[in-house]
Number of protein chains: 2
Amino acid sequence: MIPQTPIHQPPKVGDTATSAHDRVYRTLRTQIMHGEFRPGQSMTLRGIGKTFGVSMTPAREAVRRLVAEGGLSLSSSGRVATPELSSERIEELASLRALLEPELASRALPRAHLALIDRLQAINATIAECAAKHDDVGYIRTNLEFHRTLYLRAQAPAMLALTETVWLQLGPTMRALYARLNRTEVPHNHRLIVSALRAGDEPSLRLALRSDVTQGLRLLVV
Amino acid sequence: MIPQTPIHQPPKVGDTATSAHDRVYRTLRTQIMHGEFRPGQSMTLRGIGKTFGVSMTPAREAVRRLVAEGGLSLSSSGRVATPELSSERIEELASLRALLEPELASRALPRAHLALIDRLQAINATIAECAAKHDDVGYIRTNLEFHRTLYLRAQAPAMLALTETVWLQLGPTMRALYARLNRTEVPHNHRLIVSALRAGDEPSLRLALRSDVTQGLRLLVV
DNA sequence: TTCCTATTTTTGTGATCACATTAGCGCCAT
DNA sequence: ATGGCGCTAATGTGATCACAAAAATAGGAA
């Protein structure tokens, strides 16, 4: 009977255009993909909840989703951490990038108009800035933005989603890689990609993509 | 203060070697992938919970995971249903299969010993049985078993996982397809795959896979 | 009969709690 | 000093509840 506890909903004065778990999910996903976590970094549901000002429930759902996509891995006891990839796994994920991304680029090629190519060139300039400032996270973020901008033109959402899943899995490892090799300028292959787009040269485009995707990861497999 | 409600845990007399949400997840995933649901079929969290004898919480986590993999889609209001794919989406997923599966087969080829090939031939016999009995779900299940058995030899878990994600997305649609075209025997391409494996002929193997993967779906895109 | 509206029911979301398990850590004996 | 042991705190899991939004249903007016 007791008609108690009518209110335990927080004020929620702000707007939540989207649900809480989705906000947590998207933020964590971006952070992982951009390499803001080290490989093997562990986190707790209550900790995530406190960080985002929510209870365990949305934190749990966001984590489950990320685990399903391979962005987080969970131990036998349910503890969650950022994945530490074996050499074989890195090689395999690099192969997947080499398989998927040239295909996406090929599909984008006939739809790539001049404004897009100019935009890609501008992103390359930003990449150069990040490299000069040794901003690893910025470098990764802008580099992925370059690829995503191109692939969005492919009109292949499922293929792009799968590719982003691969990026997500590689996120923490990518950070460890770029911190090691200390780039100082925009990768040469990005220039080749832009050139091939301008020329409408599909074979060159595919080759440049494959090289760009493979080169960095190759250093990690030692 | 009231020290009430010390026990609301169900007897749990059975063994749960794994967690509840994982059991729900795996069962639903298999059902979706094998085409046991029609495209657009909706379900509720409470309904799923009642079906599996659990509360909403594990049902929600299982559903979230499946949504993340594309096996279920959720409407703007959070309602969950099996996805209804557009022609473009089906075509795209078929392209993904055509991209990934020949690669997996190529990687499996050097590792494919005789016992494996014999096993594939046995699975083909089972497929023929299902076709004769017009057992659509059995047909899909056995067909996927054929492919998975081959790909397991590729030693490429991430690539296989991505491929299974594609299968999952196609599950309900696949059912609708096979119910329509009423097969009566094992697909010819499966025989070609076995032959190419025996001969160690990689180009033929890739071609046979691409054909096998593409042929059925092509009919759906009308 | 048909269409619009109001009410009732259903459903997803997030918070909280009890419980089991595990990891972390100190403590004592050797 | 070190290694094993037990205890405490922390953590994941699942159930339950309150609430808001949406869907379904019923009822009345044209």
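The values are calculated or read from the model by the stated rules, or taken from the named source; none is laboratory data. The model shown is predicted, which means the values in this text are computed figures rather than measured ones. As a convention, Cβ positions derive from the backbone with ideal geometry for all residues, glycine included, and neighbour counts pool all protein chains shown. Ligands, DNA and RNA are excluded from the accessible area calculation, which covers all protein heavy atoms including side chains. Shrake-Rupley method; radii C 1.70, N 1.55, O 1.52, S 1.80 Å.
Conditions (1) modelled with pLDDT of 95 or more; (2) under 19 Å from A:LEU66 (Cβ atoms); (3) touching a Cys at 6+ places or on another chain (Cβ under 6 Å), marked per residue:
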site: A:HIS147; (1), (2), (3): yes, no, no
site: A:LEU160; (1), (2), (3): yes, yes, no
site: A:MET174; (1), (2), (3): no, yes, no
site: A:ARG180; (1), (2), (3): no, no, no
site: A:ARG191; (1), (2), (3): no, no, no
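Determine, yes or no, whether B:ARG141 is farther than 20 Å from B:SER95 by Cβ and in a loop (DSSP other than H, G, I, E, B). Talk me through it step by step, then tell me what you get.
On the way: farther than 20 Å from B:SER95 by Cβ: yes; in a loop (DSSP other than H, G, I, E, B): no.
The answer is no for B:ARG141.
Of all residues in the range A:151-210, which are farther than 17 Å from A:HIS134 by Cα and of a type in the set (Asp, Glu)?
Scanning the range A:151-210 gives A:GLU164, A:ASP201, A:GLU202.
Inside the range A:84-114, can you point out the residues that are among the hydrophobic types (A, V, I, L, M, F, W, C), open to solvent by 30 Å² or more (accessible area, probe 1.4 Å) and in contact (Cβ under 8 Å) with a residue 60 or more places away in the chain?
Within the range A:84-114, A:LEU85 is the sole residue that qualifies.
Can B:THR82 be described as away from DNA strand D (no atom under 13 Å from the Cβ) and at pLDDT 95 or above? Write out each step before concluding.
Details: away from DNA strand D (no atom under 13 Å from the Cβ): yes; at pLDDT 95 or above: yes.
Judged against the criteria, B:THR82 is a match.
Go through the residues of the range B:72-83 one by one and say whether even a single one is surrounded by fewer than 20 Cβ atoms within 10 Å (Cβ to Cβ), away from DNA strand C (no atom under 16 Å from the Cβ) and either away from chain A (no Cβ under 14 Å) or closer than 16 Å to B:HIS147 by Cβ (or both).
No.
Would it be correct to say that A:SER87 is more than 16 Å from DNA strand D (Cβ to nearest atom) and among the hydroxyl-bearing types (Ser, Thr, Tyr)?
On the way: more than 16 Å from DNA strand D (Cβ to nearest atom): yes; among the hydroxyl-bearing types (Ser, Thr, Tyr): yes.
The answer is yes for A:SER87.
Please go through the range B:43-56 and pick out each residue that is within 12 Å of DNA strand C (Cβ to nearest atom) and open to solvent by less than 50 Å² (accessible area, probe 1.4 Å).
Residues of the range B:43-56 within 12 Å of DNA strand C (Cβ to nearest atom): B:43-50, B:55-56.
Matches in the range B:43-56: B:MET43, B:LEU45, B:GLY47, B:ILE48, B:GLY49.
Just checking, which of A:GLU61, A:GLU88, A:GLU69, A:GLU103 is within 16 Å of DNA strand C (Cβ to nearest atom) and acidic (Asp, Glu)? If you could, list the steps in order and put the result at the bottom.
Working: A:GLU88 fails: within 16 Å of DNA strand C (Cβ to nearest atom); A:GLU69 fails: within 16 Å of DNA strand C (Cβ to nearest atom); A:GLU103 fails: within 16 Å of DNA strand C (Cβ to nearest atom).
Matching residue, one of A:GLU61, A:GLU88, A:GLU69, A:GLU103: A:GLU61.
Checking the structure you have, find out if any residue of the range B:15-34 is exposed (fewer than 14 other Cβ atoms within 10 Å of the Cβ) and hydrophobic (A, V, I, L, M, F, W, C).
The answer is yes, given that some residue of the range B:15-34 is exposed (fewer than 14 other Cβ atoms within 10 Å of the Cβ) and hydrophobic (A, V, I, L, M, F, W, C).
Considering only the range B:27-71, how many residues are over 24 Å from A:PRO157 (Cα atoms), away from chain A (no Cβ under 14 Å) and not β-branched (Val, Ile, Thr)?
Qualifying residue count, the range B:27-71: 9.
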